[in-house]
Amino acid sequence: MAILFVVCVLLAPAPHAVAQEAGEAGGTGFLALEARAQLLVSDREAAAGALITWTEEQGGYFVERSLERVVLRVPAEAFDGLREAARATAEEIITYNPSAQDLRQELSAVEAAIASREENLERVLAFLDESDDIEGTLALEREISSLMQELESVRGRERAIRSRIAYARAEIALSAQAADIPDRVPSSFEWLNSLDLYDFIGEASR
């Protein structure tokens, strides 16, 4: 009975997968979007915080945060706004390189693998109902356990692919803007302020 209950749970469609399929019509279909950027900012901590806040407002989240970079997962439908969010945060966008990968074939292959394993599992379950000896039943239960593990593994791959489609990945490097260094630093001694350093060195070396 325990095995049959677990099998029923595994054969039921995952809620997140159903939600993803329902939203595909208005999303990016089978494209996994990605962006790599380098920004020149005056305050790296504040810039990272602003980018994360924008991402969370769109329904996304951050994967990594440091003074050097942030890694974001942005809902695919908000991806086009990422460049503008970066522009509003940075003093200058040094580089911004968006890309897209079509995962149609990869997703189709995984879905076919799931369907195949579900079909095999149903066939083995039918044999289990007809089995009338202990040895045969144990062998079928081992086969069921193996198929369920394979099915869960392949479904994990499907979830990962759908996540890549639903959430674009953005890796943004943050470079600190160097502060301007004045040509001359005023001294508290007025006579030093009127002295030319190079003339002073020249006089001292004579």
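Table: residues versus (1) surrounded by 13 or more Cβ atoms within 10 Å (Cβ to Cβ); (2) out of contact with any strand residue (DSSP E or B) (no Cβ under 7 Å at 6 or more places or on another chain); (3) at pLDDT 95 or above; (4) within 17 Å of Ile172 (Cα to Cα).
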{"site": "Ala47", "(1), (2), (3), (4)": "yes, no, yes, yes"}
{"site": "Arg83", "(1), (2), (3), (4)": "yes, no, yes, yes"}
{"site": "Tyr96", "(1), (2), (3), (4)": "yes, no, yes, yes"}
{"site": "Val110", "(1), (2), (3), (4)": "yes, yes, yes, no"}
{"site": "Phe127", "(1), (2), (3), (4)": "yes, yes, no, no"}
{"site": "Gly136", "(1), (2), (3), (4)": "yes, yes, no, no"}
{"site": "Leu140", "(1), (2), (3), (4)": "yes, yes, no, no"}
{"site": "Glu143", "(1), (2), (3), (4)": "yes, yes, no, no"}
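Of the residues examined, Leu4 is one that is at pLDDT below 95 and not in a strand (DSSP E or B). The number of residues in the range 40-83 that are assigned to a helix (DSSP H, G or I), more than 21 Å from Ile165 (Cα to Cα) and among the acidic types (Asp, Glu) comes to 1.
Taking every residue in the range 131-154 that is without any contact (Cβ under 8 Å) to a residue 12 or more places away in the chain and pairing it with any residue that is not in a helix (DSSP H, G or I), at least 6 positions away or on another chain, the pairs with Cβ-Cβ distances below 8 Å are Thr137/Ser131.
Residue pairs whose Cβ atoms lie under 6 Å apart, sitting 6 or more positions apart in sequence or on different chains, and linking a residue in the range 99-126 that is within 28 Å of Glu143 (Cβ to Cβ) and in a helix (DSSP H, G or I) to a partner that is at pLDDT 90 or above and among the basic types (Lys, Arg), are Val110/Arg157.
Number of residues in the range 51-64 that are surrounded by fewer than 18 Cβ atoms within 10 Å (Cβ to Cβ) and of a type in the set (A, V, I, L, M) equals 2. Only a single item in (1) under 19 Å from Leu33 (Cβ atoms); (2) surrounded by 17 or more Cβ atoms within 10 Å (Cβ to Cβ) is not met by Ala160, and it is number (2).
The values are calculated or read from the model by the stated rules, or taken from the named source; none is laboratory data. This one's a predicted model, so the numbers in the text were calculated from it and none came from an experiment. Cβ sites come from the backbone with ideal geometry, for glycine too, and all protein chains shown count toward neighbours.
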